[in-house]
Amino acid sequence: MSILTRRSPRATVWVVAVLLGVSPAVPVAAQTAPSYDALLERLDQLPGARVGTALAEAADARAEQARALPNPSLSYSAENAWGSGSYGGMGKADTLLTLSQPLEIWGQRGARVRAAQAEAQAAALRGTQSRSDVASQLAAAYAQAESALRRFTFATEALTLIREDAAAVTAMVEEGREPQLRAVQAQSEVANANAALDEAQAFRDAALARLAGMALLDAPVQSINESLLDRAPPLPRGVGNAALAVRVAEAEADSAGRLVEVERKRALPDLSATVAQTRFRESSERAYNLGISLTVPLFDRNRGGIRAAHADQRAADARVEQQRRDSEAERLSAIAGLKAAGSRTRAADESVVAAEEAYRLARVGFDAGRISQLELRSTRSTLIAARGTAVDARLSRVAAEIDLARLEGRAPFVEAP
C-alpha cells in the first residue's frame, strides 16, 4: 500500500510542533485502491462474510452438542428424621441416595443428531451465499467507483474541449466572422461544463468513499489502477448445475423434514433407569433398589408439534419449488443481459472511436471556416454522450455478471471451482 506524502513540509511542521509541546494531527493521505482480486482475498475480514461464517460455526457447534447424552440426576433424602421421641434429630434417620439416568432407546438422540447435522449443512450453504453476496456488493462498489472516476475524467476532458471551442469562437467573433451571440452561447456552454465537472467530482468522491468503507481500507481512496469495467466475465456454467439459492432451499427442506422426526420422537414415553442406595442408621446396613420409570403420554402426545413440523416441511418444499423456477428465470435473464451488455459495450466502443474522429474532422472544418459552430457543438455533444454510453454499457455488463455470480454462488468475475 503506497501512501502519498509531502515529507519536507510535514517534517518541518512536526519538529516545530514538538518544540512547542504540541502534537499536531497528521491527515491520512489518500491511496490507490487495491485491485479487485486483492480485495477478494480479504473477503473473510468483511462484516457480512464474518456473519455467515459465525452462523455456520454456531450450527456446527449445535450439531456437535446434539450428540451429547442426557445428564444423570442425583438426589439425596433422609427418612425418619427430625421427628419426636427417639426419632428426634438425625440419630435414627435412614438416608437414601438415588442416581437416575434417562435412556434414549426410542431413537430420540439419533433424530436429534440428524436434524442438527441437516441444519449445519444448510447453515454452511447460507454462509457460502453470504460470502457471494458480500463479493457482489464489493464488485458493485468497485465498478461504481471506477465508473465515477471515468466520468470525472471525461467531464474534465469535455471542459477542456468546450473551452478550446469557446476560445476559437471568441476569436472568430472578434474577427467579425461570427455574431456576438455565438460567444455568449460558448460561454454558457463553458459554465454548464464547469457545473457538470463539479457534479462528477461529487459523485467520484462519494463512490470512492463507499468503496473504502466497504473494503475496510485504512485510508481514503483517490484512484484505481486495475480495471474491473474492462474485464470480460467468465462463461456461464451449464444448465445442470443447481443455483446456490436452490441448494440452500433444498438443505432447509431437508432440515425441516428431520425436525418432523424429532417431533414424532418427542411423543414417545421418556424412560429412565434408577439406582438407589438406602443406608439404615441403626444397623449400619445398606440396601440397593433398582427401578425403571416411564412417562405415560396420556395428555400430551405432541400432536400440535407434529402438525406444525409437517406444515413447516410443506412450506419448505414449496419454497424449493418456487426457488427452482425463480432461479432458472433469473439465470436466463442474467445470461441474456450479459450477452446484450457485451454487444452494447462493443458497439459503444466503436461509437466512441467514430465520435472522436467526427469531432476531430469537425474541429478542422470549423477552424477552416467550413463548419458552423452548431455542427461543431453537435459533434462534440455526440462524443460526450458516446463516452457516457460506453461507461453505462460496462456497468450493465458488471451488473449482469453480479446477478449470474449470485445465482452460481461465486464471486463476480471469478471462475467457479
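The values are calculated or read from the model by the stated rules, or taken from the named source; none is laboratory data. None of these values were measured; they are calculated from a predicted model. Neighbour counts are summed over all protein chains in view; Cβ atoms, including those assigned to glycine, are modelled from backbone coordinates with ideal geometry. The accessibility values were calculated without ligands, DNA or RNA, using every heavy atom of the protein model including side chains. Shrake-Rupley method; radii C 1.70, N 1.55, O 1.52, S 1.80 Å.
Quick notes
- The mean sequence distance of close C-alpha pairs (under 8 Å, at least 6 residues apart), as a share of the length of segment 352-412, puts its relative contact order at 29 percent.
- Straightening the chain between LEU374 and GLN201 buys 59.5 nm, computed as 0.36 nm per residue apart minus the Cα-Cα spacing.
- Stretching LEU103 away from ALA315 to a fully extended chain increases their span by 73.0 nm, per 0.36 nm per residue minus the current alpha-carbon distance.
- Across segment 156-221, the relative contact order, built from alpha-carbon pairs under 8 Å that are at least six residues apart, equals 28 percent.
- Kirkwood hydrodynamic radius of segment 232-352, Cα pairs, Å: 20.5 Å
- The local environment of ALA171, defined by Cβ-Cβ distances under 15 Å, has a net charge of -2 under the rule Lys, Arg +1 and Asp, Glu -1.
- Charge dipole (the chain, unit charges on Cβ, about Cα centre) - positive-most of THR170, SER378, ALA348: ALA348
- Extending 7 Å from Cα along the Cβ direction at GLN137 and again at ASN302 yields two label points whose distance is 3.9 nm.
- Scaling against 2.2 N^0.38 Å puts the C-alpha radius of gyration of the chain at 1.72.
- Distance histogram for segment 323-398 (every C-alpha pair counted, 10 angstrom bins, percent rounded to whole numbers): 20, 31, 22, 15, 8, 4, 1
- The chain, relative contact order [Cα under 8 Å, separation at least 6], %: 21 percent
- Using only Cα coordinates, the Kirkwood hydrodynamic radius of segment 93-221 works out to 21.2 Å.
- Around the Cα centre of the chain, unit charges on the Cβ atoms of Lys, Arg, Asp and Glu (plus for the first two, minus for the last two) sum to a dipole of about 820 debye.
- Apportionment of accessible area to carbon and sulfur, segment 220-287, percent (1.4 Å): 47 percent
- Computed over the alpha-carbon atoms, segment 272-417 gives an Rg to Rh ratio of 1.65, Rh here being the Kirkwood radius from the mean inverse distance.
- Choice from LEU407, LEU229, LEU376 showing the highest fluctuation, given a GNM over the chain with Cα pairs closer than 10 Å: LEU376
- Note that the chain presents 57 Å² accessible area per residue, ligands and nucleic acids not counted, probe 1.4 Å.
- Segment 50-106, dipole about Cα centre (Lys/Arg Cβ +1, Asp/Glu Cβ -1), debye to the nearest 20: 100 debye
- Residue of ALA140, ALA93, ALA348 that the Gaussian network model of the chain assigns the largest fluctuation, springs spanning Cα pairs under 10 Å: ALA93
- Taking the charge dipole of segment 170-275 about its Cα centre, with +1 at Lys and Arg Cβ atoms and -1 at Asp and Glu Cβ atoms, the residue from ALA251, PRO269, VAL190 reaching farthest to the positive side is PRO269.
- Distance-filtered residues of segment 188-208 - backbone nitrogen under 15 Å, label point 7 angstrom along GLN222 Cα→Cβ: 205, 208
- From the alpha carbon centroid of segment 358-403 to that of segment 285-318 is 75 Å.
- GNM result for the chain, Cα springs below 10 Å: residue of LEU383, LEU46, LEU103 fluctuating most strongly: LEU103
- Given their separation in residues at 0.36 nm each and the Cα-Cα distance between them, ARG177 and GLU357 gain 62.2 nm when the chain is fully extended.
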